[in-house]
Amino acid sequence: MTITGIIMALIIGAIVGALGRLVVPGKQHLPIWLTIVVGIIAAFLGTALARAIGIPTATSGIDWRELAVQVVLAAVGVALVAGLYGRSGGRRRPLTR
C-alpha cells in the first residue's frame, strides 16, 4: 500500500465514520477522533465483507453497495463504542438542575 492509498483510506474512513454517526439515532458523546477510528475500521471491514459476500469490486467510480456495507458497519460500531465510551470513564458532563 502506498502513501496515497493510506491517505485515501484515512479520508474515506473519516467520511464513513461521519455517515455512520449520522445514521445512529440520538446524540453520541464521542470525540471526533474516535468516530474517525471507528470509520476507518468499518471501511476496511466493510470492504472485506463486501468481497466475501460477492459484491463486485471492479466498478468505475463509487461502488455504492460497498459503501452501504461500510456505513452500516460504521453505524453499528458507533453505537457500540458510544455505549461503551459512556459507561467506561469517558468524560461526562456534570448534571445540572
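The values are calculated or read from the model by the stated rules, or taken from the named source; none is laboratory data. Nothing here was measured: the structure is a model prediction, and the numbers come from that model. Note that each Cβ is placed from the backbone with ideal geometry, even for glycine, and that neighbours are counted across all protein chains shown. Just the protein is used for accessible areas: all its heavy atoms, side chains included, with ligands, DNA and RNA removed. Shrake-Rupley method; radii C 1.70, N 1.55, O 1.52, S 1.80 Å.
Can you work out which of the residues in the range 77-94 that are open to solvent by 100 Å² or more (accessible area, probe 1.4 Å) and outside any loop (DSSP other than H, G, I, E, B) is modelled with the lowest pLDDT? Result: Arg87. Any chance the range 60-76 includes a residue that's among the β-branched types (Val, Ile, Thr), within 11 Å of the chain's Cα centre (by Cα) and open to solvent by less than 60 Å² (accessible area, probe 1.4 Å)? Taking every residue of the range 60-76 in turn, at least one turns out to be among the β-branched types (Val, Ile, Thr), within 11 Å of the chain's Cα centre (by Cα) and open to solvent by less than 60 Å² (accessible area, probe 1.4 Å).
Just checking, how many residues over the range 16-47 are touching a Leu at 6+ places or on another chain (Cβ under 9 Å) and either touching a residue at least 40 places away in the same chain (Cβ under 8 Å) or over 12 Å from Ala79 (Cβ atoms) (or both)?
Of the residues in the range 16-47, the ones touching a Leu at 6+ places or on another chain (Cβ under 9 Å) are 16-17, 19-21, 36, 38-43, 45-46.
Next cut, either touching a residue at least 40 places away in the same chain (Cβ under 8 Å) or over 12 Å from Ala79 (Cβ atoms) (or both) only: 16-17, 19-21, 36, 38-41, 43, 45-46.
So the answer is 13.
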